[in-house]
Every structure is written in structure tokens, then in C-alpha cells.
1. Look at PHE261 and say whether it is open to solvent by less than 10 Å² (accessible area, probe 1.4 Å) and in contact with a Leu (Cβ under 6 Å, 6 or more places away or on another chain).
2. Would you mind listing the helices (runs of 4 or more DSSP H) fully within segment 152-265 where at least 2 residues are under 19 Å from MET540 (Cβ atoms) and either within 16 Å of the chain's Cα centre (by Cα) or charged (D, E, K, R) (or both)?
3. Name the single residue that is nearest to SER442 (Cα to Cα) among those in segment 51-75 being β-branched (Val, Ile, Thr) and open to solvent by less than 70 Å² (accessible area, probe 1.4 Å).
4. Select from segment 489-545 the residues that are touching a Lys or Arg at 6+ places or on another chain (Cβ under 8 Å) and open to solvent by less than 20 Å² (accessible area, probe 1.4 Å) and write down the one among them that is farthest from PHE477 (Cα to Cα).
5. Name the pairs whose Cβ atoms lie under 6 Å apart, with the first residue in segment 304-325 and surrounded by 12 or more Cβ atoms within 10 Å (Cβ to Cβ), the second at pLDDT 85 or above, and 6 or more positions between them or separate chains?
6. Output the number of the condition that PHE431 fails; it satisfies all remaining conditions of (1) open to solvent by 20 Å² or more (accessible area, probe 1.4 Å); (2) in a helix (DSSP H, G or I).
7. Closer than 30 Å to LYS413 by Cβ and of a type outside the set (D, E, K, R): does that describe LEU155?
Amino acid sequence: MDNTAKDSDVSIKNTDEDSEALYDDPPVTISEKAILFFTSSWRGLITIIVPLILIPILTPFPPEKYQWCAYTLMLMAIFWVTECIPLPVTSFLPILIFPMFGVMDTAKTCRCYMNDTIIMFLGSMMLAAAVEQSGLHKRLALWTIRAIGLSHYKLLFAISFITMFVSMWITNTAATTMMVPINSALLKVFEDQNSLKMYEPNKNGDMVATDLSSCYFCAITFSATIGGIGTLVGTATNLVFKGLFSRAFPLAPEYLSFPKFSAFSVPYMLLMEIAMYFYLIIVYFGFLRSNSQAAKDSVITPESIEAAKKTVDNDWVNLGKVTFWEYMVIILFGGAMVLFFARSPQIFQGWGDKIISYFGIKNNKFIGDSVPAMLVCTLMLLLPSNLNIFKNFRAKSYGDLTKAPISSVLNWKIVNDTLPYSFMFLLGGGFALSEAAKEEYSDLNGRIGDVLQNLKTLPNSFIIFLIITFTIFITNFASNVVVCNVLAPIAMQLAKQVKVNPLWYNIAAGFSASYCFCLPVGTPGNLIVQGAADIPTSKMMKAGIGPTISTLILTWFAIYFWAPVIWPDLHEYPSWIGS
């Protein structure tokens, strides 16, 4: 009885406390409920509401094929930009919609998700993975820093240009990720020597990156973005606009071959990198402003430089001698680049041209870049990364034998676990949209062309400037690949309306889709450095506004004046364009 009474008293006491807590807790208003619901469930709301909002595109009922294609395009664009569902999941929508509503059959739609361009992308990712697994990229970075020097001007130059160079061959994200710890270690040495501060408190008391620290970290991701345009394999966006052009105009010559692409992009890339470098040293180091506060803050003592030099030298020593693995990567990766350039260089008969000629094949695109990519990747998966197997011939006892399996130059298990296969679906979704928009399927391109006819009166130079400006603006808010998938086909259709070679507007939109310097959401590299260094968005915008303006101007100059030098056909309206 006593225990029961005691439990009852405790229960009454708890009830009273709960009642008081409930009484003290203010009621939630309807507006607060709505805000909380929207902030936690906005992605789900978009997935439900957007398909309903877009229904007017399908009117009057029953919808025509071009209406279903337009509906799918708008739905995917919004889903891609908002990322309300994963990007690859959005990319599957053409497989669901096109066959069900008579736009394009299942077989043709699914073929868009596996083609030469996508295999080339897969191959480029595997080539880059071999460089990363061997550690060759880090050796190259440290060697460059040791060779150039460690003053602010020299260090920023070394970090910027080595990131740019590495990003020409591996993904922008991988190049950024590689350089972040190297950059952090060097700045930490300078901070320990009281030459700079890496972090400072903001108005809320949180520690954020200083201006100097923001400059260095932003230089990494900006340089990776710029370096990505240097070669076809530098970033997925390059392969997207090449693939979109090839699918839209299968009879066109191979304008975007590896050598011609780099012949155009490398000088243009270097100009943009130089412009970015000078902007950063003027704003953050006080270059040409010797009496400015920035110039005073960027002074490094000789003791700090010596300490940083010791750190780099120690890292260099820890790497040891160049390994057999690295030599193999150099040979195989270099061989891949030679095969890309010599396949069909159009300045002499390449090895691909000779094979086509030998078998009497009339299709000059019979052998694509995916062939050498997969050839070298296969060799990387088969050849050993070390020579330990030969120790068995010199073994004198059982204990001296090599028992563990020899790892290949490219470790498939690591590749299989880390390779971003989802990007293949992202490319495929864009190609499916581009294919369905053709005249033989929905003729959405023709309908878009009718809308764009009003731009016929504008000068070609101004239209190119508009394409570049609009694309650069949009790509700061959305995935580069997504922006390219959506805008490049529209730009090519606009070219048909104004009677200009579609390649011209395709490369204008394609290259511009890579340039996101102001906002973290524009590219994974920006997010990586923001997270690693606690860079406020306002400071990233300060660092990025200069490169954005210089890139816009230099891109217009390169597209309008330099591109016709590489592709003289740009000044002609080609016969292969069709209707």
C-alpha cells in the first residue's frame, strides 16, 4: 500500500510538472508551423507541386509530342537546379515519359545513356583515378612549389598554376581536394611564425577565414575550374557539349577532336588564369598599391619563408623516390594523351584514320576517343604497380616469397567504390532530351526556334555575349553539367535561326557553363574550400567577382575572335546542318 501511494504521489507530481511545462511553453502559431514545415519539407513540396504547375505546357489536350518533350525539359531543369531529388534520379525521367507518351521508344531513349561520349567520360575518370592512387599528383604539386618559391607572390602563383595544370587531366573536385591540405599546411607554418592569421572572429564570434586565407583557398578552386577547360577530359562539361553537338549534327565534321579542342582552349585558359592571378594579388597582396593595408598585411619574414621551406622539403622527403607505380602511370597516362591527339588530328593522317582507310570504312567517326581511353584503362587494370613478383626468383626460403596478390596500376576495387557513376546518368539524361527534341521525334527544337526568331536582328557578337553572360550567371546557382545540358541545345537551335554555325554558340554556352566563381553551390570545389577553411560566402563573392568579370570578357574575346582561327568554318552556314 505504501509503495502504491508513493507511486501515485510521484505520478501526480509528474503530471503537475508536465502541466506547468506545457503551460509555460507558448503555443505555436500557424505561420511558425508553415515556416517549419516548408524548411524541412520543401524538397518534397517541389516534387509534388512543380509537375502540377507545369501542366499548362501540355494544354490543349491531348498534348502533342513536342509538348511532352517541353514538359520533360522544364521538369528536369527545375528538379536539377533545386536538387529536390538526386540529380541522377531526375535524369531517368526521359525513360519514364518519352516511351509512355509516344515521343521516343524505349530502345532509342536508353541508347542515349550509353554512347562514345559517356564511355569517354568513364575512361577519363579512371585515368584520373590512377594518377590519384599512385600519388603522382602530390609529387608534382610539391615539386612545383619547391621550384618556384615561397613568398606570397610565388606561392600563390605555384598553387594556382599547378592546380590548373593538374585539373586539365583529373576532375576539378579531385584537383581541389588534393591542394587543400598542402595549402593548409603552408599557411599554418606562416601563422606559427606570426606572418599571417588564418582565421579571425566574425560579428557573431565564430572563427572564419581571413582575407589572405580566403585568397589562397579560393585560388585553388578557381584554378581547378579554369584548368578543367584545358582538355576534353578536364571536366564532364566539356564532354557534354561535345556529345550534344555530335548527336544534334551527326553529319558535321569532327570539330571537337582532342587536338583542336586543346588548341583553342589552352591559350584561352592561360589568359584567364593570369587574369585571375593578377586580380587576387592586387586585391589581397597590394600589388601596385605599396602603401595599402593589403600590402602591409602580406609581408612575410625571411624566418617564415625558411620554416615553410622546411615543411615542404620534409613532405618531399617523405614521398621518397619516384616509384615504379608512378613511372607506370606517367607512361600509360602520357600514352593515352598521345593516342587522343594522334587518333585523327586533321593535320596529318592519324592512327584512327589509317585503320578506317585500311578497312575501307567511309564513316570518319568510326573510331572515337573512347577506344584509346578504354585501351589504356584496360592496361592499367592488368599491369602491376610494382615488381615484387620478381622477388620470387631470388627467394631462398618460403618466407621470402611474395604471398599477397600484386596490385595493378589502377586498383579496380577502389575505383568501383569511389567512381561517380551517377554522372554518367546525368550526361545520358541530357542526351536523351537533346535526341527527343529533334525533328524526327518531337520537333521541340523547331518550336523553340520559332520563339527565338526575334533575335535575328541582333548582331552575332552581341548574341554570343548574351549567351556567355546568361550561362555564367545561371551556372553559379546550379550544376555545371545541368546548365550545359539545358542551355547548349537551346543555343544551337538559336544558331540555326540566325543562320550561324551551331558550333559557335555551342562552345559559347559549353565553356561558359564551367565558370562558377562567386557562390559555393556552383561547383563541389567551392563547397570543399568553403568547408575546409570556413570561408564566408561574402568573402568568396569578393574573391570571385574579379575572375567572373575577366572570364566573361576573355570568353567573349576568345569565342568571337580566337575560335574562328581554330575553326574557320564558323563564318559559314554549313550544309550538314539540315533543316
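The values are calculated or read from the model by the stated rules, or taken from the named source; none is laboratory data. Treat the numbers as computed from the prediction; the structure is a model and nothing was measured. Ideal geometry is used to build each Cβ from the backbone, glycine not excepted, and the neighbour counts take in all protein chains shown. Ligands, DNA and RNA are excluded from the accessible area calculation, which covers all protein heavy atoms including side chains. Shrake-Rupley method; radii C 1.70, N 1.55, O 1.52, S 1.80 Å.
1. Numbers: open to solvent by less than 10 Å² (accessible area, probe 1.4 Å): yes; in contact with a Leu (Cβ under 6 Å, 6 or more places away or on another chain): yes.
The answer is yes for PHE261.
2. Working: elements: 152-167, 172-192, 211-227, 236-248.
In segment 152-265, 152-167, 172-192, 211-227 are the helices (runs of 4 or more DSSP H) which contain 2 or more residues that are under 19 Å from MET540 (Cβ atoms) and either within 16 Å of the chain's Cα centre (by Cα) or charged (D, E, K, R) (or both).
3. Start the filter on segment 51-75 by keeping residues that are β-branched (Val, Ile, Thr), which leaves 53, 55, 57, 59, 72.
Among the residues that remain, those that are also open to solvent by less than 70 Å² (accessible area, probe 1.4 Å) are: 55, 57, 59, 72.
Values: ILE55: 18, ILE57: 14, THR59: 16, THR72: 12 Å.
In this case the residue turns out to be THR72.
4. Checking each candidate, the answer is PRO502.
5. What qualifies is LEU319/ARG139; PHE324/ASN386; TRP325/SER134; TRP325/SER385.
6. Answer for PHE431: the failing condition is (1).
7. no
Matching residues to (1) assigned by the TED database to the domain that holds GLN497; (2) touching a strand residue (DSSP E or B) at 6+ places or on another chain (Cβ under 6 Å); (3) more than 20 Å from TRP504 (Cα to Cα); (4) not polar (S, T, N, Q):
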site: SER442; (1), (2), (3), (4): yes, no, yes, no
site: ASN460; (1), (2), (3), (4): yes, no, no, no
site: PHE470; (1), (2), (3), (4): yes, no, no, yes
site: PHE473; (1), (2), (3), (4): yes, no, no, yes
site: ASN476; (1), (2), (3), (4): yes, no, yes, no
site: VAL483; (1), (2), (3), (4): yes, no, no, yes
